[in-house]
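Report on one structure; see the data block that follows.
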Amino acid sequence: MKVLVASALILVGSCATLRHSKKIENLKNSISYDNESIVTQYLNTINTEDLKSHVEEISSDKYQGRMTGEKGHNDVCNYIRSYYDSLNIKAPESHPDYYQKVPKEALPDDLNESQNVIAYIEGSEFPNEYIYITAHSDHEGIVEGKIYPGADDNGSGTAAVFEMAEAFKKAANDGYRPKRSVVFLHVTAEEVGLHGSRYYTDNPIFPIENTVSTLNIDMIGRVDKRHKDNEDYIYVIGADRISTELHFIIQEANSSFVNLNLDYKYNEENDHNRYYYRSDHYNFALKNIPVVFFFNGEHEDYTKPTDTPDKINYPLLAKRTKLIFSTAWYLANSPNRLKSEII
């Protein structure tokens, strides 16, 4: 009798495994681009020259290290909103100056009022569903008389958002407006505790329940020691925590367009670095929104005054930006909304 029971349990377990494997297979097979040539056309507008120009501007000494609430950060926020205005990418109707004010009481005691910067391209079929592409705009400011330029942290992410916004806008102008709305969100106060993204998710400009996914970019312009012999990589963190589908969409985007090494080392639940909890996507994840964090890992200039634009690997920055753009394109144009579901 014991042998029969054990055999039955093995059989049930095997069937369950097969059912799960079939679900995974079906999900993978359902993800494909039916317009790769169109995606490639706009993906190829992302280029190293523009990225370099943006990074050099954002990490310029004139912004004094972009400390939250200080003049330098306010000035770079003005530069960010002016960029969107120049491309005729609109601000939310409720915030026509592109700014969501983050009040002093929402920030640590020693900081002044600040702002998130928000622009978006309205969707053609599902305008009330939103894909967020996010990056923080602040940095360390001036420490002991030295400016911390933050070219990688997070000039690289800010520049990447700019290039993707321009690519989506060019597509829209040519008649390929995304089906879902794409929001370009530059949050403040990340370096001092993710306060800007926390304020946004607690006070959303667009309904939080209509947020499909958040793609967060924080440091994608450099190479860490782990990859010094193979630089063609990006860390992908958190994509499978809330949505198995998002995890596979990123893999499909990668294999279809860029072929980076997707490194999941820091996605491990027991990773002592806890990067999943340390950048702005996390506040969206707390609202059960599928998120992913794209990251190049720490390097010798991380949070130092030596994090300068001349050290950015611009061809690699462009390639990583193209991965994120193609992922966003799929999410924005898929006939079905991304599922918040773990298989």
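The values are calculated or read from the model by the stated rules, or taken from the named source; none is laboratory data. Since the model is a prediction, treat every value here as computed from it, not as a measurement. Don't worry about glycine lacking a Cβ; one is built from the backbone with ideal geometry, like all the others, and counts go over all protein chains shown.
What's the total number of residues in the stretch 228-257 that are under 13 Å from F294 (Cβ atoms), small (G, A, S) and not in a helix (DSSP H, G or I)?
Here the count works out to 1.
Confirm whether G221 is in contact with a Ser or Thr (Cβ under 9 Å, 6 or more places away or on another chain) and closer than 26 Å to N112 by Cβ.
Answer is no for this residue.
Scan the stretch 87-104 and give yes if some residue there is surrounded by fewer than 20 Cβ atoms within 10 Å (Cβ to Cβ) and in a helix (DSSP H, G or I), otherwise no.
Yes, some residue in the stretch 87-104 is surrounded by fewer than 20 Cβ atoms within 10 Å (Cβ to Cβ) and in a helix (DSSP H, G or I).
Of all residues being out of contact with any strand residue (DSSP E or B) (no Cβ under 8 Å at 6 or more places or on another chain), surrounded by fewer than 24 Cβ atoms within 10 Å (Cβ to Cβ) and in contact (Cβ under 8 Å) with a residue 24 or more places away in the chain in the stretch 112-154, which is farthest from V223 (Cα to Cα)? Just the residue, please.
Across the stretch 112-154, the extreme among qualifying residues is S124.
Search the stretch 305-322 for residues that are closer than 14 Å to G155 by Cβ and outside any helix (DSSP H, G or I) and pair each with any residue that is modelled with pLDDT of 95 or more and of a type in the set (A, V, I, L, M, F, W, C) when their beta-carbon atoms are under 7 Å apart and the residues are at least 6 apart or on different chains.
Listed pairs, sorted by first residue: P305/I147; D307/A151; T308/A151; I312/V55; I312/A151; N313/V223.
Hey, any hits in the stretch 115-138 for a residue that's more than 16 Å from T303 (Cβ to Cβ), of a type in the set (D, E) and either modelled with pLDDT under 95 or assigned to a strand (DSSP E or B) (or both)?
Within the stretch 115-138, one or more residues are more than 16 Å from T303 (Cβ to Cβ), of a type in the set (D, E) and either modelled with pLDDT under 95 or assigned to a strand (DSSP E or B) (or both).
Could you list, in sequence order, all residues of the stretch 139-155 that are out of contact with any Phe, Trp or Tyr (no Cβ under 6 Å at 6 or more places or on another chain), farther than 26 Å from S326 by Cβ and not in a strand (DSSP E or B)?
Hits for the stretch 139-155 are G141, E144, G145, Y148, P149, G150.
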